[in-house]
Amino acid sequence: MKEILDAILSPDSTPADFAALKLPESYRAVTLHKDEEQMFAGLDSRDKDPRKSLHLDEVPLPELGPGEALVAVMASAVNYNTVWSSIFEPVSTFGFLERYGKLSPLTKRHDLPHHIVGSDLAGVVLRTGAGVNAWKPGDEVVAHCLSVELESPDGHNDTMMDPEQRIWGFETNFGGLAQLALVKTNQLLPKPKHLTWEEAASPGLVNSTAYRQLVSRNGAGMKQGDNVLIWGASGGLGSYATQYALAGGATPICVVSSEQKAEICRAMGAEAIIDRSAEGYRFWKDEHTQDPREWKRFGSRIREFTGGEDVDIVFEHPGRETFGASVYVTRKGGTIVTCASTSGYMHQYDNRYLWMSLKRIVGSHFANYREAFEANRLIAKGKIHPTVSKVYPMEQTGQAALDVHHNKHQGKVGVLCLAPQEGLGVRNEEFRAKHIDAINRFRNI
Ligand SMILES: NC(=O)c1ccc[n+]([C@@H]2O[C@H](COP(=O)([O-])OP(=O)(O)OC[C@H]3O[C@@H](n4cnc5c(N)ncnc54)[C@H](OP(=O)(O)O)[C@@H]3O)[C@@H](O)[C@H]2O)c1
């Protein structure tokens, strides 16, 4: 592993040097263990501690298949899917691996007693498999997390529609929280040159998701002047949604739960900010009953910011707790676009407000390769910026996941894999200098 790291750190390394590097037989990776699937049985979600379930193991190097790349991972990031995996909710991810393993001898490699998690990476290509022409050893890359087989016609208009669509490092093995990772080469994107490894690794999953959900015509198709209600506006997804709204000429109405998070939204340029904790919204009177008066109070608050207008788009992901309010506050003909249900997936809303006001609920999930490319391109052009607030070494991934699980973080939490320290990997200092304040926005608060 030392030779690999030395090659990456040396400014003189050539593609031939990378191609000639000897591959190790094993590497260090953050794993879950199949025989621990039941370790949290009976506990409340909040009490399930990722520090207990996430291990740092030495794992064998998988065989490289056609169309794949082996990547040396300099840095990765924690996504909420790693929280779900680590608490084995709503289901254990080993079920995904077993099902994937049944597809072919190649996918069988993924069905192991350990699951290497992680759906983001920034690093360097070490080897490519048969049939790969677009990428070569030595390429500095980030990887998006869409894994598709594309053997069915269904995925050929929009790869998210592939019946064998999976999220790499969540529904497949050999993820990014490791020293090495195995990806399909149609997951690779050029690493933005002005960013460090940990900054480049952090937008991937959430940035691409927010791009499809809010901007793409496959999602809400946001346009200039739209009022966009963004839940969790300083969180993983929300910190990108807020930037997209601002960059696209829309008005974000940011919902957060503390003054510190409100400050981050202001630093991004948002003006309309609702602190849901300070204003004490209780959309549910009890476990079974919502309170429409609270929806109304929330809607009135939004109108104070918009000069009486309702929102064109709600960027939804908290799910059960907020969905009734989200449907209510959307304007006639507007769109509620949802990609998740953090607080519960059995939603309840008053359908009269949906059909009588001709609103639409749109489901959105990750992004296709083109959408992920466009989202990464905007990062590379300095139009959208990473939102890293804190970085942990790989040994402390459990703590990093706990921070996200308990909503103690801002933006994104990074993880150093092979990178010995933060701050490495910048190839365009001049361009970085132009955007340095925006890049550090989440660190400085
Ligand atoms: N389908 C996809 O492709 C996809 C992609 C990415 C993420 N996701 C899912 O989307 C969800 C959010 O991911 P993320 O990365 O943005 O997570 P995150 O970094 O934890 O941010 C989510 C934010 O939502 C807010 N929130 C949480 N619970 C809430 C509640 N009950 N009511 C109102 N607001 C609440 C919190 O902000 P405040 O406390 O400041 O309000 C939190 O910071 C997760 O469930 C994740 O699995 C899905």
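The values are calculated or read from the model by the stated rules, or taken from the named source; none is laboratory data. Keep in mind it's a predicted model, so treat the numbers as computed, not measured. Neighbour counts run over all protein chains shown; Cβ positions are idealised from the backbone, glycine included. Calculation scope for accessible area: heavy atoms of the full protein, side chains included, ligands and nucleic acids excluded. Shrake-Rupley method; radii C 1.70, N 1.55, O 1.52, S 1.80 Å.
Table for the structure above
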{"item": "Matching residues in segment 196-225 - criterion: being open to solvent by 10 Å² or more (accessible area, probe 1.4 Å) and outside any helix (DSSP H, G or I)", "result": "Ser216, Arg217, Asn218, Ala220, Gly221, Met222, Lys223, Gln224, Gly225"}
{"item": "Those residues of segment 70-106 which are farther than 23 Å from Cys417 by Cα, touching a residue at least 40 places away in the same chain (Cβ under 8 Å) and away from the ligand (no atom under 13 Å from the Cβ), in sequence order", "result": "Phe88, Ser92, Phe94, Phe96, Leu97, Tyr100, Leu103, Leu106"}
{"item": "Criterion: touching a Lys or Arg at 6+ places or on another chain (Cβ under 9 Å), surrounded by fewer than 18 Cβ atoms within 10 Å (Cβ to Cβ) and of a type in the set (S, T, N, Q) - qualifying residue of Gln348, Gln421", "result": "Gln348"}
{"item": "Any helices (runs of 4 or more DSSP H) falling wholly within segment 1-64 and containing at least 2 residues that are farther than 21 Å from Phe94 by Cα and open to solvent by less than 20 Å² (accessible area, probe 1.4 Å)", "result": "2-9"}
{"item": "Residue match in segment 399-417 (condition: in a loop (DSSP other than H, G, I, E, B), away from the ligand (no atom under 16 Å from the Cβ), in contact (Cβ under 8 Å) with a residue 24 or more places away in the chain and closer than 24 Å to Ser86 by Cα)", "result": "yes"}
{"item": "Candidates Ala270, Ala245, filtered to the one that is small (Gly, Ala, Ser), within 22 Å of Gly307 (Cβ to Cβ), touching a strand residue (DSSP E or B) at 6+ places or on another chain (Cβ under 6 Å) and not in a helix (DSSP H, G or I)", "result": "Ala270"}
{"item": "Number of the exception - Ala367 against (1) farther than 23 Å from Ala143 by Cα; (2) of a type in the set (A, V, I, L, M); (3) part of a loop (DSSP other than H, G, I, E, B)", "result": "(1)"}
{"item": "Matching option when the condition is within 22 Å of Ser202 (Cα to Cα) and either of a type in the set (D, E, K, R) or more than 9 Å from the ligand (Cβ to nearest atom) (or both), among Ala220, Ala262, Ala250, Ala245", "result": "Ala245"}
{"item": "Any hit, segment 291-298, residues being within 30 Å of Ile436 (Cβ to Cβ), acidic (Asp, Glu) and assigned to a helix (DSSP H, G or I)", "result": "no"}
{"item": "Residue match in segment 390-397 (condition: more than 16 Å from the ligand (Cβ to nearest atom), open to solvent by 30 Å² or more (accessible area, probe 1.4 Å), basic (Lys, Arg) and not in a loop (DSSP other than H, G, I, E, B))", "result": "no"}
{"item": "Those residues of segment 110-128 which are surrounded by fewer than 20 Cβ atoms within 10 Å (Cβ to Cβ) and within 20 Å of Asp17 (Cβ to Cβ), in sequence order", "result": "Arg127"}
{"item": "Odd one out for Leu229, checked against (1) closer than 19 Å to His317 by Cα; (2) of a type in the set (A, V, I, L, M, F, W, C); (3) within 10 Å of the ligand (Cβ to nearest atom); (4) not in a loop (DSSP other than H, G, I, E, B)", "result": "(3)"}
{"item": "Residues (within 25 Å of the chain's Cα centre (by Cα) and over 14 Å from Val30 (Cα atoms)) located in segment 113-127", "result": "Ala122, Gly123, Val124, Val125, Leu126"}
{"item": "Per-region count, segment 282-333, residues aromatic (Phe, Trp, Tyr), more than 26 Å from the chain's Cα centre (by Cα) and open to solvent by less than 30 Å² (accessible area, probe 1.4 Å)", "result": "3"}
{"item": "Inter-residue pairs, beta-carbon under 6 Å, first within 19 Å of Glu271 (Cβ to Cβ) and in segment 212-230, second part of a helix (DSSP H, G or I) and aliphatic (A, V, I, L, M), 6+ apart", "result": "Leu214/Ala241; Met222/Leu214; Met222/Val215; Val228/Ala245; Ile230/Ala241"}
{"item": "Test result for Thr335, within 15 Å of the ligand (Cβ to nearest atom) and either modelled with pLDDT of 95 or more or out of contact with any Lys or Arg (no Cβ under 6 Å at 6 or more places or on another chain) (or both)", "result": "no"}
